[in-house]
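Remarks on the structure that follows.
Every read-out reported here was derived from the displayed coordinates using simple, explicitly stated rules and does not represent laboratory data. All of these numbers come straight from a predicted model, not from anything done at the bench. With ideal geometry, Cβ positions are generated from the backbone for all residues, glycine too; neighbour counts draw on all protein chains shown.
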Amino acid sequence: MPKISIVVPVYNCEKYINRCLDSIAAQTFTEFECIVIDDGSTDNSPVIIDKYPIHDQRFTVIHQTNGGVSVARNAGLEKCSCDWCAFVDSDDWLEPCMLEEMYDTVQLTGGGYDMILCKIQDTAEIKVYSLDSSYLYSNGKYGLCYQSACGKLYRRAVITSHKLSFPTGVRLGEDTFFTFTFLTHSPKTYFVNKPLYHYFNDRSDSAVNSISYDSAYSARKSFTLLSDYINENNCMKRFEKTLFDMKLWVKNLFVDQMNPSDSREWRKTFPELNKKLLVYKGHGIKRCILYFLLVTRIYDIFKPIMVAYKNRKK
């Protein structure tokens with residue numbers, strides 16, 4: 001019987017999907033099932049992925065109409081049959097020993113943990129996301145390394161018992177919602193200090209690399225849902241600092257493209273942070289001044305004057 005269920009959502013990824021699925025097939029740990037969800041691809045992806053179950057019975061392919069990555073992952077979760085599950089994005093790939101090293105950790109620790117996670121190698125920035133000083137997990141504070149759904153093994157019993165799923169209707173922040181709702185119910189995590197998961201960050205059409213107002217609104221929806229969920233489960237104190245950082249990140253999505261009239265939208269986005277930002281010291285002086293101008297509404301007067309001045313110079 002397989003011990004790990006792997007869910008791979010696929011949408012128009014013909015350039016990269018072979019690399020992804022080949023890295024799964026080549027795992028030194030062989031007791032897995034891989035559920036590939038074709039989310040209504042219009043390129044050659046369906047033809048490519050349909051070849052895998054022919055040669056390897058561990059692979060299953062499901063075709064469905066396009067519904068987004070959350071719908072695809074949820075469909076994959078419904079088909080999972082193993083005690084542990086993992087998510088792999090269709091343009092990423094795994095080190096050959098990833099599953100073996102992470103599952104061995106489960107055995108060596110006596111099975112007392114509910115999430116096993118590893119370092120994530122960012123291939124575009126040549127950066128490794130880990131639990132260093134920037135991605136800390138201590139004293140109940142969860143760092144950014146946790147936000148991706150990938151690079152992890154999840155105990156499926158936690159998911160099923162609490163009916164956890166990815167939020168639909170959003171295109172940014174769905175990973176964070178799922179991972180942190182999981183942690184709300186089970187903070188027992190173990191970190192494998194190796195970069196075993198490769199995150200491909202070169203696609204200009206990916207959600208992360210195509211930040212827009214739509215994605216900012218989407219992220220706001222995701223983190224609003226997450227904040228409500230954490231509050232309903234009486235875990236706000238444990239996640240307070242992390243939620244502050246997440247909400248501020250969403251507010252900052254609005255800043256860089258902001259027009260003069262958008263300052264009202266910025267203030268409406270998690271307004272509970274506004275007064276705190278008047279004394280916030282977490283960014284450089286320029287960003288702190290910008291927060292002051294936005295919160296006090298001076299920006300509403302200042303920005304149009306600067307725009308008019310620049311237009312006059314042109």
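Annotations
- When you count the other C-beta atoms within 10 angstrom of each residue and take the mean per peptide, 270-282, 242-254 line up highest first as 242-254, 270-282.
- 18 Å Cα-Cα threshold exceeded, pairs from K152/K194; K163/K221; K3/K163; K281/K303: K163/K221; K3/K163; K281/K303
- Segments 148-154, 191-197 sorted - mean Cβ within 10 Å per residue, highest first: 148-154, 191-197
- Ascending count of other beta-carbon atoms within 10 Å, so fewest first, for I120, I301, I48: I301, I48, I120
- Using a cutoff of 8 angstrom between alpha carbon atoms and counting only pairs six or more residues apart, the relative contact order for the range 4-199 works out to 26 percent.
- Of K51/K79; K188/K268; K15/K79; K188/K247, those spanning more than 31 Å from alpha-carbon to alpha-carbon: K188/K268
- Considering only alpha-carbon pairs that sit under 8 angstrom and 6 or more positions apart, the relative contact order computed for the range 1-111 is 42 percent.
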